[in-house]
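Here the structure is laid out as structure tokens; the discussion comes afterwards.
Where a number appears in this text, it was derived from the coordinates with a stated rule and is not lab data. What you see is a predicted model, and the numbers here were worked out from it, not measured in a lab. Glycine gets a Cβ as well: all are built from the backbone with ideal geometry, and neighbour counts include every protein chain shown.
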Amino acid sequence: MFGDLMGMMGKLRETQEKVKATKKRLDSVTLKETGPGGDVEVVLTANREIREIHLADHLLNDKEHLVDALVIALNQALEKAGQVHDAELSAVAREGMPNIPGLDSFLK
């Protein structure tokens, strides 16, 4: 019994280290999202850190359109980054977790 418990604890520690390594790796995974009409481009990491924003010059003269395009592009980019981030971390967590009934639904 204690051997199983010790083995499980070791596996959980190993999984924690893999999660940390995955989070660090996701800092180097970049995603690019373009807003409506291609007027805004957002580059961010899979950890949801914005790296670059590119704007079409004509947006600088139209504040309302600029704000709308930025909000749309940023929301789309953050959604995409969140999906990649969550999928990667879920895969690592599932790999290292013991087979406990109902755990899969808890991790989603």
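Here are the numbers for this structure:
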| item | result |
| --- | --- |
| Cα gyration tensor, segment 6-51 - rounded (a/c under 1.5), prolate or oblate | prolate |
| FRET efficiency, 1/(1 + (r/R0)^6) with R0 41 Å, evaluated for Met9 and Glu49 via beta carbons | 0.80 |
| Per-pair calculated FRET efficiency, R0 = 41 Å: Asp68 and Ala93 via Cβ, rounded to 0.05 | 0.65 |
| Segment His58-Lys18, extension gain: residue separation times 0.36 nm, minus the distance between their alpha carbons | 9.9 nm |
| Chain lengthening between Asp27 and Val84 when straightened (0.36 nm per residue, less Cα-Cα) | 19.4 nm |
